[in-house]
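Report on the structure given below.
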Amino acid sequence: MKSAIGLIIFGLTQSFIQNAYAEAKNFEGFSAAAGVNFVNNTSTFYGGANNDTILKGDSTVSTLDFSYNKAVSDQLLIGAGLTYDIGNASVNNWTVVDSGVTYTATSKITNHYSVYVKPTFAVTERVALFAKLGYNFARMNFTDTNGQMYSWSSGYVNLNKSVSAVGYGLGLTVMITDSIFASGEYSYVDFGKVTLGSPGNAPGVTATSQPRLNQGILSVGYRF
């Protein structure tokens, strides 16, 4: 009797382990996804008379995501990947009229891409939770129509700056079939302060911008 009970317990244990491991295996392999990225760009400007000016804007861009996930335990996977945004994350224009002159400034994040690591926990055979830790690269474009708001130039200003920063994300993946999946994700990136310029008569005062991205991403993908 004891032997029979032992065999039953052993069999159930093995079955549980195999099923749990199958949960992780369901998310393993190369994946490619395309999605819609709802981006809020908040840029804070510092320096001069316009210190602490905040500009915000909402944009919708397309996102591509390529990754590989490897099961390392019954329900845990470790992945790595690359994302690329097709489109620009812009802020709303800041417009001021002074003595009949209209001053307008704006900025946007372009060519945004990231490389990331992605720990994933398979909750069931079809549902998994994941976190992302990535390094983000982009170009910040700054435009000042009269050149007197932040850059203290006498004419039209159009600056392009390379920016980079660590980003964080959390999300959920649902396997619709064995190969097709849908996912939702929130991520945050703070690019830090970007130097825009300083006035010739006050070199100790430097204008900077600090762009931050809040991203909500919905995508559909294929696991190979």
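Among the residues of segment 76-104, write down those that are of a type in the set (S, T, N, Q) and in contact with a Lys or Arg (Cβ under 6 Å, 6 or more places away or on another chain).
Our first condition is that a residue be of a type in the set (S, T, N, Q); within segment 76-104, this holds for 83, 88, 90, 92-93, 95, 99, 102, 104.
N88, S90, listed by residue number.
Regarding segment 203-211, can at least one residue be identified that is over 15 Å from the mean Cα position of the chain (by Cα) and modelled with pLDDT of 95 or more? Outline the logic, then answer.
Filtering segment 203-211 down to residues over 15 Å from the mean Cα position of the chain (by Cα) leaves 203-210.
Add one more test, that the residue is modelled with pLDDT of 95 or more, and what stays is none.
There is no residue in segment 203-211 that is over 15 Å from the mean Cα position of the chain (by Cα) and modelled with pLDDT of 95 or more.
Can you name the condition, by its number, that T106 falls short on among (1) closer than 18 Å to F191 by Cβ; (2) surrounded by fewer than 14 Cβ atoms within 10 Å (Cβ to Cβ); (3) not hydrophobic (A, V, I, L, M, F, W, C)?
T106 satisfies every listed condition except (2).
Can you give me the number of residues within segment 112-130 that are under 24 Å from V163 (Cβ atoms) and surrounded by 15 or more Cβ atoms within 10 Å (Cβ to Cβ)? I'd like the intermediate steps shown before the answer.
Of the residues in segment 112-130, the ones under 24 Å from V163 (Cβ atoms) are 112-118.
If we keep only those that are surrounded by 15 or more Cβ atoms within 10 Å (Cβ to Cβ) as well, we get 112-114, 116, 118.
The number of residues fulfilling the criteria is 5.
Of all the strands (runs of 3 or more DSSP E) wholly in segment 62-142, which have at least 3 residues that are in contact with a strand residue (DSSP E or B) (Cβ under 9 Å, 6 or more places away or on another chain), in contact (Cβ under 8 Å) with a residue 60 or more places away in the chain and more than 18 Å from G216 (Cβ to Cβ)? Explain how you work it out, then say what you get.
Numbers: elements: 76-86, 94-98, 101-122.
Correct list: 101-122.
The values are calculated or read from the model by the stated rules, or taken from the named source; none is laboratory data. All values reported here derive from a predicted model rather than from experimental measurement. A quick note on method: Cβ atoms are made from the backbone with ideal geometry, for glycine too, and the neighbour counts reach across all protein chains shown.
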